[in-house]
Amino acid sequence: MKNNIIYIFCALFMQNIIAQKPQTPTPSEIYFKIEKLNVLASAMYIAAHPDDENTRLITYLTHHDKAYTNYLSLTRGNGGQNLISNELGTDLGIIRTNELWNARNIDGGKQFFSTADDFGFSKHPKEAFEKWDKHLLLKQMVYMIRKEQPDVIVNRFDHRTEETTHGHHTASAQLSKLTFTLANDKNYKDLSQENTEMWQPKRLFFNVSWFFFGSKQAFDKADKSKYIPLNIGVFYNQLGKNNQEIASLSRSQHQSQGFGDISSRGEEIDYVELVDGDAIKGSNLFEGVDTSWNRIKGGNNIQPLVTQLINEYDFKDPSKSTNLLTKIYVEIDKLPETIWKTRKQNEVKELIKNCAGLFLDITTNEPYTTPNENVDVKVEVANRSNQNIVIKDVIINNQKIIVGKSLADQDVYYDYFQTKFTNQDYTNFKFIDNFNDFKNQFNLTKKNEIGIQVNDVYLSYTLPIQYHYKDVVKGEIYKPFHVVPAISVRFNQSTYITNNNQNQKIEVTTDNYSKENIKGFLSIINSKNEEVYQKEITLNESEKNNTITINKNFLNGTYQAHFKQNTNTYNNEIKWVDYSHIPLNYYLKDSETKVVSFNKSVLKKSKIGYIVGAGDEIPQVLKDVGYNVDFINLETVKAEDLSKYETIIVGIRAFNTESSLKTKNKLLFDYVKNGGTVIVQYQTNVPLKTEEIAPYKIKIGRTRITDENAVVNFINPNETVLNKPFKITQENFKNWVQEQGLYYADDFAGEFQPVFTSHDFDEKETNGALLIAKHGKGHYIYTGLSFFRQLPSGNTGALELFINLIELKNE
Ligand SMILES: [Zn+2]
């Protein structure tokens, strides 16, 4: 539980201060924020995945309407695809979470998540509700609405369009529609243990988009009389940018989804449709809501002060506003506790910092530490105003130190404090997986603070400790500072394929993150919790990548690696998620591997050529099985280079990513004609680099079988591919993960023979999952089956079928 709190602490911090130098806004940016201080409006945007949100509308809400705006993405997007690396699952969820935090940092929204897992594509909301706990999600959403009190809620998706989009999408809108009523329902029991106040948002909208009409052209022609048009083409002259320019920067953060966007200017209309709540006459979503200070008790004392602040603001010297700001802070402090008191007090605190040119920073020159090591933390405060600032105290790692130092204009204070962390302070990334985690998103945990006094007003600023250093090429660098376990243990492979239970070489690698030598026992434990291997080893201080090779007869099953040092047991890998566009994260991954026994003597072929597309882990699996796998360089490859391979495999989405295939596809066709086998894994239908992905006509559709356990019906059970070398039966399609397949062929020439049919619940049979065409002396194969997920996860059923494809005998 404690770990969750720590995670939330990091999460909230990274949202607001993404490992970056303390920001110092310009006078006009400060003025823009001061205007926002005068608006008490709030909105909530709801969708299912990172990247679902319409950043144009969020930017419009935060900038034009100056509304406090939350985006609730139900999931982390871990079930999606990844365009920047072959990491899927947890790693992808972490990447996408950080991309969302980046996006909100640009468009000014606040980011929240629920416990809903992104288990992969679903066709119908009912599939989503089979896997999601609907009551738990409603409880979270009602809690969030009561806590955040949004005036308006905007759904990205339509609650009425089942089956026209991802089931998660429609489910998010349906949940939102229910929540809109439940938030103000006294009879709603699920939150009776929580001290929440009823809240009725004024309106619920659906953010209409052209994609529900099939195309932009169709949407242009559609009757929009029931929609409310919003001209989002607003120019914010104090920021020097218009709405779409900010929105496209925000959208472009979704690098893993390939959502890089160019900016646009000029008039642009976005539409919303009223789904529930009060009727609306004009184009102001907050119509009829009092968004002035009058909406809160005692607010009429604040209103004139804020008006004065706006009127007297001096663009040449923002520090002149500091006195009035501290007065406003004190007046807000007298108000009864409300969400607006908290929000506005935080805004004023930031404005005081900005106007007084205050520089506040807590850093260390260590990238990470382990429990019980001393860490030197530097605190820096600079005053760049004629305001007398007193540094009262600092809190480092929950320890308060009294400072009592007065800072005149241009005075800089810095000091070093030594602290130690414990294993409760690990900064590992965690997904939210229960209601308490969800709630913690709303409570900022304060561990490090700088307390200052301005005009007798005490203000404390919460800051993260950041790793700060100079890079002679890149300049000043800020990164998140991490607390990690002393030892990381990992198997070099997630799956090992042994030949018929013979001896298998397994490698375990340890990293020592501490500054001392650690002596202990490395052991391998099977699924019955029996120790099958143990060795005493010493891990030298700070030594990374220390690999131990174990050669032993490992039976089928899962194994864990443990490193025990006295009473400490380390059984996790410290898995870093390191990309240049997001802050550095790590998570703790079980040190686990799977051993799969397999009869390698059936393999007749040996040389495989692989054409890499978007990236998948099939080549490693094939090497483990015993094939020699070469990567084919499409730029330089010639016909004679291909002839040495017995089978050539085209990686996932290669026809989407590799321009060379526009011309080099012919080499593949000729290679098959001359007696080779080509296996093309799933490709998406748009945009292909060439429509000619096979020697015969084939059209890839959007058909997916999302049920990973869908039953298959073999069309001709006696055909070679289902019998040699392995007999393929229904059993081979059991224990698949996430989905059976995607982007099946919808239409194909008669030369292609479908191998089986299958279908999702309630749908008609489809036969485009696995197609084999005889071409000349060889075989050309297209398959949408998700081998790229099944093979790395150690699924032998899928592996046997894949080997049968590879081993197809040609003339
Ligand atoms: Zn989505």
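Yes/no matrix, rows are residues, columns are (1) surrounded by fewer than 17 Cβ atoms within 10 Å (Cβ to Cβ); (2) of a type in the set (Val, Ile, Thr); (3) over 27 Å from residue 147 (Cα atoms):
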position: 338; (1), (2), (3): no, yes, no
position: 344; (1), (2), (3): no, no, no
position: 356; (1), (2), (3): no, no, yes
position: 374; (1), (2), (3): yes, no, yes
position: 387; (1), (2), (3): no, no, yes
position: 396; (1), (2), (3): no, yes, yes
position: 405; (1), (2), (3): yes, no, yes
position: 411; (1), (2), (3): yes, no, yes
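The residues on offer are 605, 528, 544, 589, and the sole one that is assigned to a loop (DSSP other than H, G, I, E, B) and buried (at least 16 other Cβ atoms within 10 Å of the Cβ) is 605.
Within the stretch 393-408, residues that are modelled with pLDDT of 95 or more have Cβ atoms under 6 Å from residues that are part of a strand (DSSP E or B) and among the basic types (Lys, Arg) in these pairs: 393/400, counting only partners at least 6 apart in sequence or on another chain. Taking the criterion of being surrounded by fewer than 23 Cβ atoms within 10 Å (Cβ to Cβ) and over 18 Å from residue 751 (Cβ atoms), the residues of the stretch 676-696 that qualify are 684, 685, 686, 687, 688, 689, 690. Considering the stretch 29-52, the residues that are within 16 Å of the ligand (Cβ to nearest atom) and modelled with pLDDT of 95 or more include one that is nearest to residue 64 (Cα to Cα), namely 45.
Out of 88, 100, I need the residue that is aliphatic (A, V, I, L, M), part of a loop (DSSP other than H, G, I, E, B) and either within 14 Å of the ligand (Cβ to nearest atom) or more than 18 Å from residue 239 (Cβ to Cβ) (or both). Which one?
Unique residue meeting the criteria: 88.
When we screen 804, 795, 767, 735 for residues that are of a type in the set (S, T, N, Q), modelled with pLDDT of 95 or more and within 34 Å of the chain's Cα centre (by Cα), the only hit is 767. Note on the stretch 138-164: among residues that are within 16 Å of the ligand (Cβ to nearest atom) and more than 16 Å from residue 209 (Cβ to Cβ), the one that is modelled with the highest pLDDT is 162. Scanning the stretch 566-602 for residues being over 22 Å from the mean Cα position of the chain (by Cα) and more than 22 Å from residue 492 (Cβ to Cβ) gives a total of 6. Figure legend. Inter-residue proximity from the stretch 749-765: first residues touching a residue at least 40 places away in the same chain (Cβ under 8 Å), second residues part of a loop (DSSP other than H, G, I, E, B) and loosely packed, with under 12 Cβ neighbours inside 10 Å, beta-carbon distance below 6 Å, spacing 6+ or different chains. Indicated pairs: 757/765; 759/765. The residues on offer are 510, 547, and the sole one that is at pLDDT 95 or above, under 27 Å from residue 625 (Cα atoms) and under 28 Å from the mean Cα position of the chain (by Cα) is 510.
Could you tell me whether the stretch 35-44 includes any residue that is part of a loop (DSSP other than H, G, I, E, B) and either closer than 14 Å to residue 236 by Cα or among the basic types (Lys, Arg) (or both)? Before the answer, list the steps.
Of the residues in the stretch 35-44, the ones part of a loop (DSSP other than H, G, I, E, B) are 37-41.
Then drop every residue that is not either closer than 14 Å to residue 236 by Cα or among the basic types (Lys, Arg) (or both), which leaves none.
So far as the stretch 35-44 goes, no, none of its residues is part of a loop (DSSP other than H, G, I, E, B) and either closer than 14 Å to residue 236 by Cα or among the basic types (Lys, Arg) (or both).
Only one entry in 622, 667 is out of contact with any Phe, Trp or Tyr (no Cβ under 9 Å at 6 or more places or on another chain), assigned to a helix (DSSP H, G or I), in contact (Cβ under 8 Å) with a residue 12 or more places away in the chain and of a type in the set (A, V, I, L, M), namely 667. You will find that of 60, 71, the residue that is at pLDDT 95 or above and either within 16 Å of the ligand (Cβ to nearest atom) or in a loop (DSSP other than H, G, I, E, B) (or both) is 71 and no other. On the basis of being within 39 Å of the chain's Cα centre (by Cα) and either β-branched (Val, Ile, Thr) or at pLDDT below 95 (or both), does residue 330 make the cut? So residue 330 fails the test. Looking only at the stretch 30-50, residues that are surrounded by fewer than 23 Cβ atoms within 10 Å (Cβ to Cβ) and either under 23 Å from residue 145 (Cβ atoms) or touching a Gly at 6+ places or on another chain (Cβ under 6 Å) (or both) come to 3 in all.
Between 324, 360, the distinction of being at pLDDT 95 or above and either buried (at least 21 other Cβ atoms within 10 Å of the Cβ) or part of a helix (DSSP H, G or I) (or both) belongs to 324 only.
Residues of the stretch 165-179 that are away from the ligand (no atom under 13 Å from the Cβ) and either in a loop (DSSP other than H, G, I, E, B) or in contact with a helix residue (DSSP H, G or I) (Cβ under 8 Å, 6 or more places away or on another chain) (or both): 174, 175, 176, 178, 179.
Examine the stretch 217-238 for a residue that is within 27 Å of the chain's Cα centre (by Cα), part of a strand (DSSP E or B) and surrounded by 19 or more Cβ atoms within 10 Å (Cβ to Cβ), and state whether such a residue exists. No, the conditions are met nowhere in the stretch 217-238. Scanning the stretch 429-436 turns up no residue that is among the polar types (S, T, N, Q), over 30 Å from residue 526 (Cα atoms) and buried (at least 19 other Cβ atoms within 10 Å of the Cβ).
Only one entry in 236, 227 is touching a strand residue (DSSP E or B) at 6+ places or on another chain (Cβ under 9 Å), hydroxyl-bearing (Ser, Thr, Tyr) and more than 24 Å from residue 158 (Cβ to Cβ), namely 236. Considering every residue within the stretch 592-609, establish whether at least one is modelled with pLDDT of 95 or more and closer than 30 Å to residue 687 by Cβ. Yes, because at least one residue in the stretch 592-609 is modelled with pLDDT of 95 or more and closer than 30 Å to residue 687 by Cβ.
Given 735, 713, which one is outside any loop (DSSP other than H, G, I, E, B) and among the polar types (S, T, N, Q)?
None of the other options fit; the residue is 713.
Of the numbered criteria (1) of a type in the set (Phe, Trp, Tyr); (2) without any contact (Cβ under 8 Å) to a residue 60 or more places away in the chain; (3) closer than 23 Å to residue 110 by Cβ, the one residue 329 fails is (2). Selection of strands (runs of 3 or more DSSP E) fully inside the stretch 447-515 by the criterion of at least 2 residues being aliphatic (A, V, I, L, M) and under 20 Å from residue 577 (Cα atoms) returns 487-491.
Looking only at the stretch 683-730, residues that are closer than 23 Å to residue 651 by Cα and of a type in the set (S, T, N, Q) come to 6 in all. For the structure I just gave you, tell me whether residue 115 is under 22 Å from residue 142 (Cα atoms) and either more than 16 Å from the ligand (Cβ to nearest atom) or small (Gly, Ala, Ser) (or both). For residue 115, the condition - under 22 Å from residue 142 (Cα atoms) and either more than 16 Å from the ligand (Cβ to nearest atom) or small (Gly, Ala, Ser) (or both) - is met.
The values are calculated or read from the model by the stated rules, or taken from the named source; none is laboratory data. Bear in mind that the values here come from a model prediction, so they are computed numbers and not experimental data. Note that each Cβ is placed from the backbone with ideal geometry, even for glycine, and that neighbours are counted across all protein chains shown.
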